[in-house]
Amino acid sequence: MKFLKSVADEMKQVTWPTGKELAKYTNTVVVTTILFGIFFAVVDFGITEAMSLILN
C-alpha cells in the first residue's frame with residue numbers, strides 16, 4: 001500500500017501538457033515519422049536501383 005500511495009503522490013506532481021501542446025507534439029511526431037519514411041523509401045529505392053545496375 002505504501003508503494004501505491006507514493007505512486008499517487010508522484011502522479012500529482014506531474015505537469016501534464018495542455019490540449020494545444022499535446023496536439024503540437026502529436027503533429028510533430030506524425031510529420032517527422034512521415035518525413036523519415038519518405039527518406040528511407042527514397043534511399044531504399046536508390047540502393048535497389050544501384051544494385052540492379054551492378055548485378056545486371
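The values are calculated or read from the model by the stated rules, or taken from the named source; none is laboratory data. Just so it is clear, the model here is predicted, and its values are computed rather than measured. Note: ideal-geometry Cβ built from the backbone for every residue, glycine included; neighbour counts use all protein chains shown. Protein only, heavy atoms only, side chains kept; ligands, DNA and RNA dropped before computing areas. Shrake-Rupley method; radii C 1.70, N 1.55, O 1.52, S 1.80 Å.
Report yes if Phe36 is surrounded by 10 or more Cβ atoms within 10 Å (Cβ to Cβ), of a type outside the set (A, V, I, L, M) and assigned to a helix (DSSP H, G or I), otherwise no.
Yes, satisfied.
Scan the range 11-18 and give yes if some residue there is over 26 Å from the mean Cα position of the chain (by Cα) and open to solvent by 90 Å² or more (accessible area, probe 1.4 Å), otherwise no.
Yes, the range 11-18 has at least one match.
Whether any residue in the range 21-29 is part of a helix (DSSP H, G or I) and either of a type in the set (Phe, Trp, Tyr) or at pLDDT below 95 (or both) is what I want to check.
Yes: one or more hits.
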